[in-house]
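Enquirer: Got a structure here, written out as structure tokens. Questions coming.
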Amino acid sequence: MMASPRFFPTDSLPIRLPALLLAALPIGAQEPMEAAADTEPTSELTWQERVARDGRIGFTTNTVREARAVLVDPDAAPEHRATALLALGAAGAIGERPALQSAALEGSLDERVAAILGLGEMDRATRDRFGASDHLLEEQLASTDERIAASALCALLRSGSPEWRARAVSLAAAPEERLGSAAAAMLDFVLHPEASRYHPVLDELLELRWDAARRFGTVDGLAWSAALMEELMREETFMDEVVLLSSTGLRFSGLRDHLLEILLGGHGPARLRAAMRAMPNKVQLLIASELWLPANDAEWRIIVDEAIRTGGAPLLPELFESAVRVRCVAPTAAGVLTRMGRDHGDLLVAALTVEDEELRARAAWGIAEGGLEQHVRLLRKLSDDSSPTVRASAIVARIRLGDKDAPEEARGFIEDSRGDDVGRGALLRALCTARRVPGVVGLLLQVEPLLSGTDRASVLACLHASGRIAGTAELRAAFRGVDPGSEAGLALLHEIGSFPSSEDLDFLAGLFPLEDELAANVEIAIALVHEGHPKVDALIPRAVWHEPWNRSVLAAAVVKDKAGMRRLIQMVDKPPGYATSEDIRRLGFAIGELGGLDAVRDLARNLGAGADRPALQGALLGALAAQTH
């Protein structure tokens, strides 16, 4: 047995309502609103900031079309229907008044509130002073539901009706009466929004307007997706991930040189993943010779796990010999090396007992990877481990090693996990990573009908990757119910985007970009770039025109691969206004490197100029550089 590193021990103004109307209210409904309703909840934005934010939004003719589409979609989520109802009102879609009036009387509470508020927004947007909806709204003031009644009062005041403003002044003068405090807050909001105070219905109105603008209107004069896209394209991590990972499958002689420079002089995980996908042997040589080493544990994990994920681990013995001396990945490396015949069983056994649960889970994986059947007994003891991840890793390791009891134990736990959602999810994820192990896919097929939500989404993605689900309709439907950035959400996006149909591309383009979902946006963008979808036409060219140098050249290579060399030459013809001579020279370099002297001649003919032009200077240098690769 080879000697192993000894990392592990071996042991929130008061018009009184006319008396006749007030008397018509149910006795219980005449009570004042609960004091708690005036307490502003914790939020990322203060009330004044939310009021100011409302001044940034707008609605267009497209708003009506897109909101209608949601309302006729039988699968639309209730919260999306509520937003669509408010959007129709805010856009002044008078033709949709009957739909809002109907929704104000029927449907879920959220939809009724949104429709009531939408009617007020409609009258406000169209400056309707005839009170087309006043009768319905006045009826809702008598609702026993405080939220409905307050929403109706808000809508009447937002409509701009002078009569109702006068009535509200009287009502606000009697805060002890029902809707008194609400009337005071709403009058402040209508007359002096910047000095207004929080009220739950006003807060709901602002949130609905904000959501409606993002989904169906504009923010700062731009469609929300366009604003998000601009923000994403300023996010260096996003641009790194998309450009570098989109370039790894390209074929041109300078690819590895550019990735190497990025690996050595850059930062962030994208460069590591790209290097391991495009040039794993070079990474192995750098690490083995210590000319370059991962900077920290997080980088070591990415290098090692990427080698295993891509299936290249057996071809990288020297990389794993170095990794086995790094505590955070030592058990994983030990398992790979043991499989190669370089026994590190002692390290793996010792790692099963350490305090760090990640290391225990890696050790269980390593024992299975190394084929150490003699340690099944030790893996069985981990059935009582305090960590769900460790328990899951141990069960899957036993399945890999042929323990006949393990598949039934796994199925039994999934079928009856006693409310242990975390444990069940961990086991299902572990099984999915082992889908190539005989019997695992069969087990997942058995339990899939019993699952829902994130668990089912994970399994569906796995079964699709295994060829056991034809098409992606189920995956697209499952994605509606998961967190886009979760492991399950990312797995679904990966499968949907791997070999996408036209329906898949429409689905992904409809999602993109998602707000505050970097990883999911990366997954979607890579798929759309790969398929040359127009939704991302501006993305890669943006990277071409911005440094860093090597990423810019790789972005140009992606443009050439998707649109041809002619597209790059056209970009030189019409650079963006912010492009400097250095930016143009860099693009020229890419043209020369990617197309050689033929491309230099084409560029010269297109420009009709001599070598004093920055683009041609760069192209000549690029063509010369290509000859040295």
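The values are calculated or read from the model by the stated rules, or taken from the named source; none is laboratory data. Note that the structure is a prediction, hence the values are computed from the model and not measured. As a convention, Cβ positions derive from the backbone with ideal geometry for all residues, glycine included, and neighbour counts pool all protein chains shown.
Enquirer: Count, please, the residues in segment 284-332 that happen to be in contact with a His (Cβ under 9 Å, 6 or more places away or on another chain) and assigned to a helix (DSSP H, G or I).
Expert: Final tally of qualifying residues: 2.
Enquirer: Going by the conditions given, is Glu79 part of a helix (DSSP H, G or I), under 27 Å from Leu179 (Cβ atoms) and modelled with pLDDT under 95?
Expert: yes
Enquirer: If you don't mind, another one. All but one of (1) part of a loop (DSSP other than H, G, I, E, B); (2) touching a Lys or Arg at 6+ places or on another chain (Cβ under 9 Å); (3) of a type in the set (S, T, N, Q) hold for Gln617, so report the exception by its number.
Expert: The failed condition is (1).
Enquirer: Test Arg209 against the stated conditions and say whether it is within 29 Å of the chain's Cα centre (by Cα), crowded, with 16+ Cβ neighbours inside 10 Å, more than 20 Å from Asn521 (Cα to Cα) and basic (Lys, Arg).
Expert: In short, yes.
Enquirer: Moving on to the next point. Is there any pair with a first residue in segment 608-624 that is at negative phi and a second that is modelled with pLDDT under 90 and surrounded by fewer than 16 Cβ atoms within 10 Å (Cβ to Cβ) whose Cβ atoms are under 8 Å apart and which are 6 or more apart or on different chains, and what are they?
Expert: Pairs found: Leu616/Ala609; Leu616/Gly610; Gln617/Ala611; Leu620/Ala611.
Enquirer: Does segment 541-551 include one or more residues that are under 25 Å from Ala275 (Cα atoms), of a type in the set (Lys, Arg), at pLDDT 95 or above and surrounded by fewer than 22 Cβ atoms within 10 Å (Cβ to Cβ)?
Expert: Checked against the condition, which is being under 25 Å from Ala275 (Cα atoms), of a type in the set (Lys, Arg), at pLDDT 95 or above and surrounded by fewer than 22 Cβ atoms within 10 Å (Cβ to Cβ), segment 541-551 yields at least one hit.
Enquirer: Separate question: Assigned to a helix (DSSP H, G or I), farther than 17 Å from Val64 by Cα and at pLDDT 90 or above, is that true of Ala150?
Expert: Yes: the conditions hold for Ala150.
Enquirer: Would you check which residues across segment 321-358 are farther than 26 Å from Asp385 by Cβ and in contact with a Lys or Arg (Cβ under 9 Å, 6 or more places away or on another chain) and list them?
Expert: Residue satisfying the conditions is Glu321 alone.
Enquirer: Let me ask you something else. Of (1) buried (at least 19 other Cβ atoms within 10 Å of the Cβ); (2) in a helix (DSSP H, G or I), Leu264 satisfies all except one. Which?
Expert: (1)
Enquirer: Follow-up question, since we're still on this one. Report whether or not Pro513 is crowded, with 21+ Cβ neighbours inside 10 Å and assigned to a loop (DSSP other than H, G, I, E, B).
Expert: Working: crowded, with 21+ Cβ neighbours inside 10 Å: yes; assigned to a loop (DSSP other than H, G, I, E, B): yes.
Here the answer is yes, as Pro513 does meet what is asked.
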